[in-house]
């Protein structure tokens, strides 16, 4: 992995699988306890590493907890991470008057940072530890709901700027907490800085200045994640942002197109859809992985990682070990 980031030679492309909840399955932990106890989480990730031997370990991918730090109501999911049932605020004023989040004291953020610290300690020097984080362009949507935030973003610029400022402070505090925990890199999905959500002019005017300000002072390198939408065609919008470690592409994106735009030195990750792993057959998955490896055989700055959200915790084991065996060259 270090060779890839330095541009040096390596014996095989590194890989990671976003399979946070799989750790609960492998250790027979109840999901609600797993996402409340850092010790259970790191035990689950140890089991994932023993099973699949990835080069990247992901800390909890639970963006709802960042909203819960402001009072959001959570909706538990069976065998998956909780979602936001109800945003915490009904107005921009209420959100702006609420105290900023505190990663040192809020129990939801403490779970995220303590789990990250345990993972960093467990895998230090062996694997990259990556922490997902909500983009400062996206946090207001978690706080107010998508429709409420879109109205503010497009028609109430003063409130939007206030909420962006609040989101940047939250991002800065949590990013610093992750740095202190020993995290290697941040992974930041983007929805409200994505051409499928906002037109390009609005992205340049509203979103990019927020991202530039947040990333300029970020204490860790950041991978920009496609956020579930097509990314490669407009990836050039983001290449000038500071402190970028690379881009995570989705299953619908073209690596070749992204490489043409970003140049040869940018790290690209992706891109078979993670949420679909439970329905792939071994043959279809093997065919897709083999084709992807062939397509990227001369790309020295490429990492395989599933696109989209995490793999379902109930994915058949032979699909998971197939990925490991193909990426590690165990299969012809």
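The values are calculated or read from the model by the stated rules, or taken from the named source; none is laboratory data. These numbers were taken from a predicted model, which means no experiment stands behind them. Methodologically, a virtual Cβ is constructed for each residue, glycine included, from the backbone with ideal geometry; neighbour enumeration extends over all protein chains shown.
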* Answer yes or no as to whether residue 74 is buried (at least 21 other Cβ atoms within 10 Å of the Cβ), without any contact (Cβ under 8 Å) to a residue 60 or more places away in the chain and over 19 Å from the mean Cα position of the chain (by Cα). => no
* To do: Could you list, in sequence order, all residues of segment 140-175 that are surrounded by fewer than 16 Cβ atoms within 10 Å (Cβ to Cβ) and over 15 Å from residue 67 (Cα atoms)?
  => 147, 151, 154, 155, 156, 157, 158, 161, 165
* Asked: For segment 245-260, what are the residues that are more than 16 Å from the chain's Cα centre (by Cα), buried (at least 18 other Cβ atoms within 10 Å of the Cβ) and not in a loop (DSSP other than H, G, I, E, B)?
  -> 255, 258, 259
* Asked: Within segment 176-191, can you find the residues that are in contact with a helix residue (DSSP H, G or I) (Cβ under 7 Å, 6 or more places away or on another chain), crowded, with 23+ Cβ neighbours inside 10 Å and either modelled with pLDDT under 95 or not in a helix (DSSP H, G or I) (or both)?
  -> 183, 186
* Subset of segment 69-117 [assigned to a helix (DSSP H, G or I) and closer than 26 Å to residue 19 by Cα] -> 107, 108, 109, 110, 111, 112, 113, 114, 115, 116, 117
* Restricting the search to segment 44-57, which residues are touching a helix residue (DSSP H, G or I) at 6+ places or on another chain (Cβ under 8 Å), buried (at least 22 other Cβ atoms within 10 Å of the Cβ) and outside any helix (DSSP H, G or I)? -> 54, 57
* Would it be correct to say that residue 239 is assigned to a loop (DSSP other than H, G, I, E, B), in contact (Cβ under 8 Å) with a residue 12 or more places away in the chain and out of contact with any helix residue (DSSP H, G or I) (no Cβ under 9 Å at 6 or more places or on another chain)? -> no
* Criterion violated by residue 51 - all others in (1) under 21 Å from the mean Cα position of the chain (by Cα); (2) closer than 25 Å to residue 321 by Cα; (3) touching a residue at least 60 places away in the same chain (Cβ under 8 Å) satisfied -> (1)
* To do: Report, by residue number, each residue of segment 297-332 that is surrounded by fewer than 15 Cβ atoms within 10 Å (Cβ to Cβ) and on the phi > 0 side of the Ramachandran plot.
  => 329
* Asked: Residue check: is residue 163 touching a strand residue (DSSP E or B) at 6+ places or on another chain (Cβ under 9 Å) and assigned to a helix (DSSP H, G or I)?
  -> no
* Structure fact -> Conditions (1) surrounded by 17 or more Cβ atoms within 10 Å (Cβ to Cβ); (2) within 20 Å of the chain's Cα centre (by Cα) -> residue 242 fails only (1)
* **Among the residues listed as 66, 33, 126, the single one being under 16 Å from the mean Cα position of the chain (by Cα) and either exposed (fewer than 14 other Cβ atoms within 10 Å of the Cβ) or assigned to a helix (DSSP H, G or I) (or both)** => 66
* Asked: Which residues, taken from segment 192-217, are surrounded by 21 or more Cβ atoms within 10 Å (Cβ to Cβ) and not in a helix (DSSP H, G or I)?
  -> 192, 193, 194
* Asked: Which one of 132, 157 is within 21 Å of residue 90 (Cβ to Cβ) and either free of Cβ contacts under 8 Å to residues at least 24 places away in the same chain or within 17 Å of the chain's Cα centre (by Cα) (or both)?
  -> 157
* **Residues (closer than 23 Å to residue 256 by Cα and part of a loop (DSSP other than H, G, I, E, B)) located in segment 293-327** => 296, 297, 298, 299, 300, 301, 306, 308, 309
